[in-house]
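Engineer: Below are the structure tokens for one structure; questions will follow.
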């Protein structure tokens, strides 16, 4: 079973790089190879422009798939082990526990934690030693809505402070809300990669209606910047390369002698945009 | 290596199961030694006139080494638990993700193999010496101590098998069942079958190699064990088994997905 094939891209320093794809598309496999827990049959990668080794991994905070900790040890003692392996002192443990809201329960055994707390501890381990590069594989797994919002806020803060973040997720809006760059995987193939706004382009469109929709459609097709217009029921949908200006459209139609009874700006849903990308690549 | 040992220490420092098993395994050595010495020496006067006192130096070393070889398995279980825990909690992955080379993970587990076996040798030596002093009738002597080294070597073979099973099977329950089955029965059974059909070569199975060098003193003197190789053949076989086992452990962990 081949999980990945011909996937190649660079993660620019300082970017928040989203790895997007449905379940089973190869996101975790990709990150597993980069962190040396999975062995690729062929291919290569570099970390910090160097051949990858444990020394480079120690400079990266990684949360891969699930939080992996010693069940019988407390959060604090688990982080002591992480710190020892990362060859960093214990002085950062209190800080990361505080950021992740675990200070109160830091001396309870990991096995007594809820799913959300386990995930928070995994994020605390990622932050340990304040690494410049973070790999977060589905970091909001198991978190409640406020936890999800907190993690997003944290990722944004880290990005603002200049960290490079690789964020794998199947949640589209999560990626769009925090990422600057994105790579889209499907069935182990890289479909697209680049800055998020060019990859997931979500052109706006307007919905209009007038007494004579055929005339309206013809007029819109002549409107500068309009890439297409179609009649759906009693509504005309007009598509644009750039964000359209509703007031200008209204005025234009009036000049053409068309009085609009309905005008609404719309945005293509993320799901539609994503499905389009994956379908175009598939066909 | 210091950093690896420190990390392993952090893992077990507050792990009650580890300390209970270690203590139990270590207590069983002197407890078994003294119990046997105490029970037998009362009824031994006649026999010892003929065959010598097995609890006197230098014979006590062979007696205790032979006895201890029957109660090694608990240490193997301890090592299996230390190894399979890492797979259960998936911390073998996390250790590598956090910045260990895969081989450092193997070193960490080999550290336990060495630490447990050295600790056992020390406890067995002290226990054997005390039995010799208390129940024997000759002054302390290290003559015959090489039997303790045979025991040490066999102990390392046993731990290597435990390590290998732990790494290959990954699940504590199944690993323990397989290890106990091999340790208690399979090795001896196979050895018996091969010996019967092909002669002394049957004594070269991993655990049997040690047993060939550690006959129970009185029985060994009364019953001839038949065909046997020179001691160095069994010693070489055991060293080869340890090397092969460690090679396979490295190979498995370096090559496969974690």
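The values are calculated or read from the model by the stated rules, or taken from the named source; none is laboratory data. None of these values were measured; they are calculated from a predicted model. In this analysis, Cβ positions are derived from the backbone assuming ideal geometry, glycine residues included, and neighbour counts consider all displayed protein chains.
Engineer: Looking only at region A:138-146, decide whether some residue is without any contact (Cβ under 8 Å) to a residue 24 or more places away in the chain and within 14 Å of chain B (Cβ to nearest Cβ).
Structural biologist: No.
Engineer: Which one is farthest from residue A:9 (Cα to Cα), of the residues in region A:54-65 that are more than 7 Å from every other protein chain (Cβ to nearest Cβ) and at pLDDT 90 or above?
Structural biologist: A:55
Engineer: Return the residues of region B:69-91 that are more than 7 Å from chain A (Cβ to nearest Cβ), under 23 Å from residue A:125 (Cα atoms) and either modelled with pLDDT under 95 or surrounded by fewer than 21 Cβ atoms within 10 Å (Cβ to Cβ) (or both); say none if nothing qualifies.
Structural biologist: Those that are more than 7 Å from chain A (Cβ to nearest Cβ), under 23 Å from residue A:125 (Cα atoms) and either modelled with pLDDT under 95 or surrounded by fewer than 21 Cβ atoms within 10 Å (Cβ to Cβ) (or both): B:87, B:88.
Engineer: Now for a different question. Quick check on residue A:80: is it within 11 Å of another protein chain (Cβ to nearest Cβ), more than 25 Å from residue A:182 (Cβ to Cβ) and either modelled with pLDDT of 95 or more or surrounded by 17 or more Cβ atoms within 10 Å (Cβ to Cβ) (or both)?
Structural biologist: yes
Engineer: To continue, here is another question. Does region A:96-132 hold any residues that are without any contact (Cβ under 8 Å) to a residue 12 or more places away in the chain, closer than 20 Å to residue A:153 by Cα and out of contact with any helix residue (DSSP H, G or I) (no Cβ under 8 Å at 6 or more places or on another chain), and which are they?
Structural biologist: Correct list: A:98 only.
Engineer: Ok, one more. In region A:47-65, what count of residues is obtained for those that are in a loop (DSSP other than H, G, I, E, B) and either outside the structural domain of residue A:128 (by TED's automatic domain parsing) or touching a strand residue (DSSP E or B) at 6+ places or on another chain (Cβ under 6 Å) (or both)?
Structural biologist: 2
Engineer: Go through the residues of region A:66-77 one by one and say whether even a single one is touching a helix residue (DSSP H, G or I) at 6+ places or on another chain (Cβ under 8 Å), within 25 Å of residue B:87 (Cα to Cα), in a loop (DSSP other than H, G, I, E, B) and away from chain B (no Cβ under 11 Å).
Structural biologist: Checking region A:66-77: not a single residue is touching a helix residue (DSSP H, G or I) at 6+ places or on another chain (Cβ under 8 Å), within 25 Å of residue B:87 (Cα to Cα), in a loop (DSSP other than H, G, I, E, B) and away from chain B (no Cβ under 11 Å).
Engineer: Determine whether region B:159-172 contains at least one residue that is more than 30 Å from residue B:233 (Cβ to Cβ), in contact with a helix residue (DSSP H, G or I) (Cβ under 9 Å, 6 or more places away or on another chain) and either free of Cβ contacts under 8 Å to residues at least 12 places away in the same chain or not in a helix (DSSP H, G or I) (or both).
Structural biologist: Yes, region B:159-172 contains a residue that is more than 30 Å from residue B:233 (Cβ to Cβ), in contact with a helix residue (DSSP H, G or I) (Cβ under 9 Å, 6 or more places away or on another chain) and either free of Cβ contacts under 8 Å to residues at least 12 places away in the same chain or not in a helix (DSSP H, G or I) (or both).
Engineer: What is the number of the single condition among (1) at the interface with chain B (Cβ under 8 Å from one of its Cβ atoms); (2) outside any loop (DSSP other than H, G, I, E, B); (3) over 17 Å from residue B:258 (Cα atoms) that residue A:32 does not meet?
Structural biologist: Result: residue A:32 passes all but (3).
Engineer: Report, by residue number, each residue of region B:227-256 that is at pLDDT below 90 and either crowded, with 17+ Cβ neighbours inside 10 Å or in contact with a helix residue (DSSP H, G or I) (Cβ under 8 Å, 6 or more places away or on another chain) (or both).
Structural biologist: Of all residues in region B:227-256, those at pLDDT below 90 come to B:227-231.
B:227, B:228, B:229, B:231 - these are the residues of region B:227-256 that are at pLDDT below 90 and either crowded, with 17+ Cβ neighbours inside 10 Å or in contact with a helix residue (DSSP H, G or I) (Cβ under 8 Å, 6 or more places away or on another chain) (or both).
Engineer: Do we have residue A:37 as surrounded by 19 or more Cβ atoms within 10 Å (Cβ to Cβ) and either within 16 Å of residue B:100 (Cβ to Cβ) or free of Cβ contacts under 8 Å to residues at least 24 places away in the same chain (or both) here?
Structural biologist: Yes; evaluated as a whole, the condition is true for this residue.
Engineer: Oh, and also: I'd like to verify a number: residues in region B:92-135 that are in a helix (DSSP H, G or I) and within 11 Å of chain A (Cβ to nearest Cβ), how many? Talk me through it step by step, then tell me what you get.
Structural biologist: Filtering region B:92-135 down to residues in a helix (DSSP H, G or I) leaves B:92-98, B:102-135.
After this cut, where a residue has to be within 11 Å of chain A (Cβ to nearest Cβ) as well, the list is B:92-98, B:102-105, B:108.
Residues meeting the conditions: 12.
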